[in-house]
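Beneath this line is the structure, given in structure tokens, with notes to follow.
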Amino acid sequence: MLEHLSEGLSLLMRIDTFVMTGFGLLLGMAVGALPGFTTVMAMAILLPVSFFMDPLVGIPFLIGIYKGGIYGGSIPAILINVPGTGASVATTFEGPALTKKGQSRKALDMALFASVIGDFSSDVFTILLMAPIAALALMVGPPELAAIVLFSLIIISGTTHGVFVKGLIMCAFGIFLSMIGQDPLGGMSRFTFGFFELKSGIPLLPLLIGVFALPEILVAVGDKTTAYIAGNKSIIQGSRLALRELTRCSKTIFRSTGIGIFLGMVPGVGQVVAAFVGYAAAKKASKHPETFGTGELEGIAAAESANNAVNGPTLVPLLTLGIPGDNVTAILLGAFVAQGLRPGPQLMVEQAPLMYALLLAMLFANLLFIILGYLTIPFFARVVSIPKAALLPVTAVFAFAGSYVFRSDPFDLVLLVFFGVFGFIARKLQFDVTPLVMGFILGPILEYSFGQTVNLAGGDMVSYIVLERPIAGVVFVLSVIAAVTILWGNYKKRKKSLAGDLAKNHGD
């Protein structure tokens, strides 16, 4: 491992990597500071840009957007009580109150330092964890891989927004979309519906941009708001964060970092849950919990360190097993594949120096982030006042250009519009598109590994799994238990909600 780290560090020492990482951080902060323009949308639209760069430049560029965007969402959350991203919702519990007290600069500084500490710590943990998990992944055969993928899809379907059944429906539709084209085992064409362009399958890029970016644009077009701030001349007020204030919150920061690291390893959980759990843990552990909600720096430290600590561990299942755990890692998977790098245990062996170089790039991104963020906070505080009308046309052009430029196939634009409209309708019907994307990406892996398992079993699947591959059998059982548990939890929640509505109506 130390040898690979050393080789990776030597590969990383190039000026264009640091320049593009810094550019990505600034872009991410800008997008995060704009309510309605999500980090996932920015990454999906700018994904094609990374295809024309060296992997050691293009992928750190996307990682920079990711890291910058998560922090950038805290800027409007603190200044105007509007979270720029879902990850910054918990920051609104304390940020606006501090702004009203004239301490918005302290709040923004605390969010920055807590974000970088949480992110840096999780990246170190990821680097240390990657080698042993990759070694274990090499022992995973087709039955175990099929079981792990199935378990991941169930967890992702159950932990995304909305009803579990809706998540399963979207996941199943994503798996079906992945089956369009050639059968990975037999090589026969299927489900092409007479379109020659579908014989090679649906390309990932139009689907990603379509379901993640176009619905955001369409929703923003329908929003009547023209600017985010009106008449707020003095946005940043108060003194900078003092070292003693940061030190006072250090225990909270490291507690929330641990929470974020743990939750980051669970597929589908993500930053939003980590931020809420970190905030709740800080409030519970505080000697003065009554101050939370009235402008407590510790609350911002808890939420921001927790949501950023998720960033590193989400890459563990992606790089070791090729399984993305959330929207962002799904987009990163597209970047890896486009660069000719298929994440998985073999990649960690065959391209270990390159992989460690990319992991080290995450650490250096945090060092750049603390400098760039500290210097540019006043600038990005003004970004929240940019009218949407000035940004939406440019965003739409990037979305269409990005979908077309990679293959130069006009049919990709048709697919982009189809998935954009589909994603918009799904959003209106409260269907989360994340399970669809995960089903599409993991569908071929599930199908191929399951087909290999059937061949290995020789017609007696149950005996083969139970007697010869017990680990796969345990994971399959856990998948069933997880599905039943989530369904039962949703049933109880729905029953309780209906009982509350009946009681309310009876009282009226």
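Every residue, every condition in (1) outside any helix (DSSP H, G or I); (2) exposed (fewer than 13 other Cβ atoms within 10 Å of the Cβ); (3) at pLDDT below 80, yes or no:
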position: L416; (1), (2), (3): no, no, no
position: G423; (1), (2), (3): no, no, no
position: D432; (1), (2), (3): yes, no, no
position: L446; (1), (2), (3): no, no, no
position: S463; (1), (2), (3): no, yes, yes
position: W488; (1), (2), (3): no, yes, no
position: S497; (1), (2), (3): no, yes, yes
position: N505; (1), (2), (3): no, yes, yes
Inset, instruction - State whether one or more residues within region 334-351 are under 18 Å from G24 (Cβ atoms), touching a Leu at 6+ places or on another chain (Cβ under 7 Å) and in contact (Cβ under 8 Å) with a residue 60 or more places away in the chain. - result: yes
Inset, instruction - Report yes if some residue within region 360-381 is among the polar types (S, T, N, Q) and at pLDDT below 85; otherwise report no. - result: no
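From F191, F164, which residue is modelled with pLDDT under 85 and either in contact with a Phe, Trp or Tyr (Cβ under 9 Å, 6 or more places away or on another chain) or of a type in the set (D, E) (or both)? First the steps, then the outcome.
Details: F164 fails: either in contact with a Phe, Trp or Tyr (Cβ under 9 Å, 6 or more places away or on another chain) or of a type in the set (D, E) (or both).
Testing whether each residue is modelled with pLDDT under 85 and either in contact with a Phe, Trp or Tyr (Cβ under 9 Å, 6 or more places away or on another chain) or of a type in the set (D, E) (or both) leaves just F191.
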Inset, instruction - Would you mind stating whether L56 is surrounded by fewer than 24 Cβ atoms within 10 Å (Cβ to Cβ) and part of a helix (DSSP H, G or I)? - result: yes
Inset, instruction - Could you give me the residue pairs with C-beta distances under 9 Å whose first residue belongs to region 275-287 and is among the charged types (D, E, K, R), whose second residue is crowded, with 20+ Cβ neighbours inside 10 Å and outside any helix (DSSP H, G or I) wherever it lies, and which are 6+ apart or on separate chains? - result: K283/F292; K283/E296
Legend entry - Residue, surrounded by the most Cβ atoms within 10 Å (Cβ to Cβ), within region 247-293, restricted to residues that are touching a Leu at 6+ places or on another chain (Cβ under 9 Å) and over 27 Å from I323 (Cα atoms): I253
Inset, instruction - Mind checking which helices (runs of 4 or more DSSP H) fall wholly inside region 287-386 and carry at least 1 residues that are within 20 Å of P83 (Cα to Cα), out of contact with any His (no Cβ under 7 Å at 6 or more places or on another chain) and not hydrophobic (A, V, I, L, M, F, W, C)? - result: 297-309, 327-338, 352-383
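Filter region 448-461 for residues that are part of a helix (DSSP H, G or I) and more than 26 Å from I180 (Cβ to Cβ) and give the result.
Within region 448-461, L456, A457, M461 qualify.
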Inset, instruction - Output the number of the condition that V19 fails; it satisfies all remaining conditions of (1) under 22 Å from A401 (Cβ atoms); (2) modelled with pLDDT of 90 or more; (3) surrounded by fewer than 23 Cβ atoms within 10 Å (Cβ to Cβ). - result: (1)
Legend entry - Residue in region 68-103 that is surrounded by the fewest Cβ atoms within 10 Å (Cβ to Cβ), counting only those that are hydroxyl-bearing (S, T, Y) and under 22 Å from L368 (Cβ atoms): T85
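The values are calculated or read from the model by the stated rules, or taken from the named source; none is laboratory data. Remember, predicted model here, so these are calculated numbers, not experimental data. Ideal geometry is used to build each Cβ from the backbone, glycine not excepted, and the neighbour counts take in all protein chains shown.
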